[in-house]
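*Asks:* Sharing a structure with you now.
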Amino acid sequence: MIKGIQEKIRKGEKKYFKQRRNLKDHPKKIKYDQIRNMIETRQKAEEVLINK
């Protein structure tokens, strides 16, 4: 189950980096903050898993 979640998050990160490149072209922020939060929560989750 954890692997599935990690894969989803990795896909989200790929989208995030693609969108980040496009931010100069698009004045709209494209879910920028949402995906950044997702990356931060993944890092916190991995820390929790490592600490257990």
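What follows draws every value from the coordinates through simple rules; no lab data is involved. Treat the numbers as computed from the prediction; the structure is a model and nothing was measured. Every residue, glycine among them, receives a Cβ derived from its backbone with ideal geometry; neighbour counts consider all protein chains shown.
*Asks:* Order 34-40, 45-51 from most to least packed using the mean count of other Cβ atoms within 10 Å. Display every interim value, and only then the final one.
*Replies:* Values: 34-40: 13.4, 45-51: 9.7.
Going from most to least packed, we get 34-40, 45-51.
*Asks:* Using r as the Cβ-Cβ distance of Glu7 and Lys44, and R0 as 22 Å, what FRET efficiency do you calculate, to the nearest 0.05?
*Replies:* Efficiency computed from Cβ-Cβ geometry: 0.75.
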